[in-house]
Structures are given as C-alpha cells and as structure tokens.
1. Please identify the pairs in which a residue from the stretch 71-86 that is farther than 14 Å from LEU185 by Cβ has its Cβ atom under 7 Å from the Cβ atom of a residue that is among the aliphatic types (A, V, I, L, M), counting only partners at least 6 apart or on another chain.
2. Considering the stretch 71-93 alone, what residues qualify as being of a type in the set (Asp, Glu) and at pLDDT below 95?
3. Within the stretch 214-221, is even one residue of a type in the set (Phe, Trp, Tyr), under 22 Å from the mean Cα position of the chain (by Cα) and over 19 Å from ASN69 (Cβ atoms)?
4. What is the residue count in the stretch 101-119 for residues that are closer than 18 Å to PHE75 by Cα and at pLDDT 90 or above?
5. Would you tally the residues in the stretch 192-210 being part of a loop (DSSP other than H, G, I, E, B), touching an Asp or Glu at 6+ places or on another chain (Cβ under 9 Å) and either under 19 Å from LEU96 (Cβ atoms) or among the acidic types (Asp, Glu) (or both)?
6. Could you grab me the full set of residues in the stretch 58-75 that are closer than 14 Å to THR215 by Cα and out of contact with any helix residue (DSSP H, G or I) (no Cβ under 9 Å at 6 or more places or on another chain)?
7. Residues of the stretch 197-227 being of a type in the set (Phe, Trp, Tyr) and surrounded by fewer than 19 Cβ atoms within 10 Å (Cβ to Cβ), which ones?
8. For residues in the stretch 130-164 being hydroxyl-bearing (Ser, Thr, Tyr) and under 23 Å from the mean Cα position of the chain (by Cα), which is farthest from GLU224 (Cα to Cα)?
Amino acid sequence: MISSRFHRWKEEEAAKLSRMTFRKKAEYIAYYYKFYFLGLAAAVVLFLFAGEVLINRSKTVILSGLITNDDWNRFSASDISRDYASRIGLSSSQKLLLDDGLYIDEEGQAAEIAAASRGKIIAGITTKSLDFVITEKSVLDEFRPQMTFCSLNELLPDDLFRALRDSMATYTDENGKTVYYALSLKDSRYLTDAPEVTGTYYLFVPSIAPHREQTADFIRYCFEQVP
C-alpha cells in the first residue's frame, strides 16, 4: 500500500518536473523540499556530533591543562595541543585536553566568568583530572592558601629541576620544608619573544595531578629551544 502510494507520488513529481525549465525545477525543489533538506542537514550534523563524542570517549587523555587570563593569546590551547602532539607523536587513541577560555578578574569584573573559571579549576583538582594550570601571578596568589601543590623538585627530573630552579616560586610549609609550588614562564618558548606581555605567568601542578610524568615532559617542552 505504502509502496504503491510512493510510486504514484514519484510519477506525479517526475511529470511535473519534466514540464519545467531548469530554473523552475530548481525553484520548485528548493521551495517544496526545503524542510526535507533541513531535516537531512540536521541529521548529518547530529550524526557527525555523535561520532565525534564516541571517538573522544574512546581516546585516552594523557595530559589535561587549564589556561586563564591569556590576554595576549600567548598560550593558545589549539596551538599548544598541535605542536606538543607533534613533538611526542600523539597516537590516534590519545588526546590532549587543554582549555584557554578561562578568565579570573581579581578586581571583581566579569563575576560570572570568574566564578565559572574558578569552579572549573577546583572541579579539575577535586576529580583528580587536572595536571596543570597556567595563570597570572595574582590568580596564583589567590589559590596558594587554598590548595596543596605538587613541589616541582619532586616532579621534575634532576637536570630539569636544576635548570629551572631559579624561575620557581617557593614557600616553606609547616614542617620547614621548601615547596617549589610554581614555575615562571617568562623564559619559556611562549614568552621569550613577547616584550608586550607585562604580567607574570606561572605554571602550577596540583598535588594529585594524574599524569605526572607527562606533565614533567610538557614542562621540559615549554623550555626547549624553539627551532
């Protein structure tokens, strides 16, 4: 029954179109079938989105980082991901999870964005999914009394720690131990050629960062000489 109706409709449409000029055919199809085309386009977009979600779920995150207050666009997440992926030979089953869309204004402006950005950092730390944060000194100072940092002398290989030690911020804990809690990026590949950048940017690592070895390798990459 359905097939006979479809066959009859098909013949009627073919007969209509056969009597039209090419331009009329195009106008007719565009007008009467636009909702079919829109539906098809929506289905294709949905299919591609679902496919991307499934692909990403099947990939293993090997490094996760958040970047805040990048006013000079020196720490583009897409650029860092592309270049570092090339450096380590990232496989099709792995992914880097970096986000540079965070902003925390210490003067109280853009309160909603700042609250969301703080929330994302805290969520990443509490779920043990965040490896590092790159941010301005003022934001680092805000977080310092609120969290436990990974001391960089315990994270980095000896040679790298010695090379970068003078660029590290420190404090003394309750046991009298020096904690190397953040690393200035002033001499990194991202800021050495950026005299316009007036703020000081630091990288810090939460004490429960999940990918410590990869984080150490990323820090080494940040200070490698740019070819």
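1. Note: pairs meeting the criteria are ALA77/ILE67; ALA77/LEU98; SER81/LEU96; SER81/LEU98; TYR84/LEU96; ALA85/LEU96.
2. The first filter runs over the stretch 71-93 and keeps only residues of a type in the set (Asp, Glu), leaving 71, 79, 83.
The answer is ASP71, and nothing else.
3. First, the residues of the stretch 214-221 that are of a type in the set (Phe, Trp, Tyr): 218, 221.
Among the residues that remain, those that are also under 22 Å from the mean Cα position of the chain (by Cα) are: 218, 221.
Imposing the further condition that a residue be over 19 Å from ASN69 (Cβ atoms) reduces the set to 218, 221.
Yes: the stretch 214-221 contains one or more residues that are of a type in the set (Phe, Trp, Tyr), under 22 Å from the mean Cα position of the chain (by Cα) and over 19 Å from ASN69 (Cβ atoms).
4. Restricting attention to the stretch 101-119, the residues satisfying the condition of being closer than 18 Å to PHE75 by Cα are 101-105, 117.
Restricting the remaining residues to those that are at pLDDT 90 or above gives 101-104, 117.
Number satisfying all stated conditions: 5.
5. Number satisfying all stated conditions: 3.
6. VAL61
7. TYR221, PHE223
8. SER138
The values are calculated or read from the model by the stated rules, or taken from the named source; none is laboratory data. As the structure is a computational prediction, the values presented were derived from the model and not from experiment. Cβ sites come from the backbone with ideal geometry, for glycine too, and all protein chains shown count toward neighbours.
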